[in-house]
1. Of THR53, MET35, MET63, which is farthest towards the positive pole of the stretch 25-70's charge dipole, taken about the Cα centre with +1 and -1 on the beta-carbons of Lys, Arg and Asp, Glu respectively?
2. Give the carbon-plus-sulfur fraction of the accessible surface of the chain in %, rounded to a whole number; probe 1.4 Å, heavy atoms of protein chains only.
3. Quick one: pull the percentage of alpha-carbon pairs in the chain with a separation above 21 Å.
4. Before I look further, what does the stretch 1-46 give for accessible area per residue, probe 1.4 Å, in whole square angstrom?
5. For the stretch 1-63, run through the trypsin sites (Lys or Arg not before Pro) and keep only the ones in DSSP coil with at most 16 other Cβ atoms within 10 Å of their Cβ.
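The values are calculated or read from the model by the stated rules, or taken from the named source; none is laboratory data. The shown structure was predicted, so the numbers you read here are calculated from the model rather than taken from an experiment. All Cβ positions, glycine included, derive from the backbone under ideal geometry; neighbour counts span all protein chains shown. These area figures cover heavy atoms from the full protein model, side chains too; ligands, DNA and RNA do not enter into them. Shrake-Rupley method; radii C 1.70, N 1.55, O 1.52, S 1.80 Å.
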Amino acid sequence: MDRDSQLELYGLVADRLKEAHAVVRALQVPEGVRMALTRKLLVVTAAAKHDLTDAARRLDRLMKDIDEGRFPEDPSTDVTE
């Protein structure tokens, strides 16, 4: 990938991450779910520093899951005894 396309992809991923964080903040979900989604976004952000293509794929999957209503379990509702 040449430098211009790498910079373009970086800008695209950065913009999409910003939008994704806004989407997660606006979701009407329990706080534990919101925290889990935020952690996933932070993992994507960290991945972007090393592999933009992989980060873009991860972000696509995460946003598809959110759009389809598939959220992580709320860890605060774990009732193991």
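1. Value computed over the given set: MET35.
2. Working: 3100 of 5870 Å².
Looking at the chain in its full context, I get 53 percent from C and S.
3. Details: 1070 of 3240 pairs.
Of all Cα-Cα distances in the chain, 33 percent exceed 21 Å.
4. Numbers: 3190 Å² over 46 residues.
The answer is 69 Å² per residue.
5. LYS49
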